[in-house]
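Visitor: Before I ask anything, let me first share the structure, which is written out below as structure tokens.
What follows is calculated from the coordinates using simple rules that are stated; it is not laboratory data. None of the values given here were measured: they were computed from a predicted structure. Glycine also receives a Cβ, built like all others from the backbone with ideal geometry; neighbour counts cover every protein chain displayed.
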Amino acid sequence: MQPRHLRLPFALTLALAFTLTLSFAFLASPAHAAGAAQKPNVLFIAIDDLRDWVGYIDREHQARTPNIDRLSRLGTSFTRAYCASPVCNPSRAALMSGLRPSTSGVYENDIDFRVHIPAEKALTHTFRQAGYFVHGAGKIYHESYRRPSEWDDYLEREGGNPSVPSGRSEGVGGIKFAPLDCKDEDLSDWKITDYAIASLGRKHDKPFFLAVGMHKPHMPWNVPRKWFDKFPLESIKLPPHLATDLDDVPAAGKRMAKPEGDHAEMLRSGRWKEAVQAYLATIAYMDMNIGRLLDAFEKSAYRDNTIIVFWSDHGWHLGEKSHWRKFALWEEATRAPFIWVAPGLTKPGTRCDRPVDFMSIFPTLTDLTGLATPAHVEGTSLRPLLANPAAPWTKPAVTTYKYKNHTARTADWRYIRYENGDEELYDERKDPHEYTNLAARPELAAVKAELAKSFPKSDVPPPPGVRDGKSDQEKERRRKK
Ligand SMILES: [Ca+2]
């Protein structure tokens, strides 16, 4: 038997060794020793043309989005989130690559982003390099420019959508809407959602990045009739608008609004409320698919170790500023829903009112998953705001539409500066609908100068041949006719 005085040090040595082992394991854990298998998965949900009409955003609207609301209760929802560009292709190319339109030159829908942004710069590439299984379905990038090489797997056959029977109205000019006599299952978004549900039901050997891109509520607003019936025409209110709103908007802004186009046609038709009803119906249809996806997610093995990011590529005007669609730099065209669920970081049901833009998506995802953010990525991780939605945040949200037209948004102001030097300035505290342009007030020159500091320092010219004088709006109208 050992003398008593020798036994204690032995016990201490054991305890010390145990403590040291634990310390090393702890120190090494999150970024290194945990290995790829323990990295959180990513569920990346993209919506097409969904403006700020969702339950969690206080804006006069009649949208019903019980499932997006349910998602917002799981994490942090942003009330002031803005796209990098109010057009599908540049918005998506920017957030997927971390390169602003002013850096990549991808300003419009007819600029093939694949020519200007190599696959190695894409978010998908970063996750694949880190050992993730990167797969998806539906609309993540602009439809015309698929790049299968970016994905380990992608739903190829999502099916089409039923069309409006001949002889029935398809809407008003380029604003396409009509109820359909078909089933929910007959639309491609149903099949896209099915792809994601199947993936969430499978066992994955590697951490996954699952991208799900809904086509709705993009036009045509053709969904089963029952969704229209939920919004009786007599209950529809027009969005807040001012007939004289463009009077104090400079020429460059008026050209974007193009009141003689969609809006004049809509006023002549007398069908403005029908169009609003159809947009609401299409949002409700999309929300139903989000519900199916959430049901599968909550039943899955991945509900506690998956980061969810939910975004829409930009907003939408429905007659505000006598404008329809996106293609402009005002609140309606630039603001979109934005929700994050990050296990262990976001708190359920929290709301963040800080202005942010979607250039934050790439660096936030790499930050939260412990991957290195590639050097080319513009934008800032939202980690501080996900941890504390009231944390200090000084960066304005910045949006660009076409060459050298920029807007910066803070909680208090929106400043727009067009290529030709035209300006708009709105006091968001007093004027949330941006009715009164204050840009000419000398006492506000310092406000404009401060906001202009956040505009891109240099602007890559668009590729030759693109500036043909036709706007995306005109081209979209021509195509749909
Ligand atoms: Ca105005």
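Visitor: Sort 448-458, 245-255 for me by packing, meaning the mean count of neighbouring Cβ atoms within 10 Å per residue, highest on top.
Guide: Answer by packing, highest mean first, reads 245-255, 448-458.
Visitor: In debye to the nearest 20, how big a dipole does the chain give about its Cα centre with +1 on each Lys and Arg Cβ and -1 on each Asp and Glu Cβ?
Guide: Dipole about the Cα centre, nearest 20: 940 debye.
Visitor: If each residue of separation counts as 0.36 nm, what is the full-extension length gain between Cys182 and Arg73 once their alpha-carbon separation is subtracted?
Guide: Answer, rounded to one decimal: 36.0 nm.
Visitor: Lysines near Lys347 by alpha-carbon distance under 21 Å, same-chain residues fewer than 8 away left out - which ones?
Guide: Lys39, Lys299
Visitor: Could you tell me what fraction of 2.2 N^0.38 Å the Cα radius of gyration of the chain comes to, as a two-decimal ratio? Before the final figure, lay out the partial values.
Guide: Details: Rg = 24.5 Å, N = 481, 2.2 N^0.38 = 23.0 Å.
Against the empirical 2.2 N^0.38 Å value, I get 1.06 for the chain.
Visitor: Going by amide H atoms built from the backbone, whose H comes under 5 Å of the H on Gly213, apart from near neighbours?
Guide: Ala46, Ala137, Gly138, Lys139
Visitor: I need the calculated FRET efficiency for the pair Lys453 and Glu170, taking r as the beta carbon distance and R₀ as 45 Å, to the nearest 0.05.
Guide: Calculated value: 0.45.
Visitor: Near Lys230, which lysines are there with a Cα under 22 Å away, not counting those fewer than 8 places off in the same chain?
Guide: Straight-distance partners of Lys230: Lys176, Lys183, Lys216, Lys273.
Visitor: What shape does the stretch 368-407 take by its C-alpha gyration tensor, where a ≥ b ≥ c are the square roots of the eigenvalues and a/c under 1.5 counts as rounded, a/b above b/c as prolate, and the rest as oblate?
Guide: Numbers: a/c = 3.66, a/b = 1.38, b/c = 2.64.
It comes out oblate by the Cα gyration axes.
Visitor: Compute the distance in nm between two label points, each set 7 Å from the Cα along the Cα-to-Cβ direction, one at Glu298 and one at Lys395.
Guide: Going from the Glu298 label point to the Lys395 one covers 3.3 nm.
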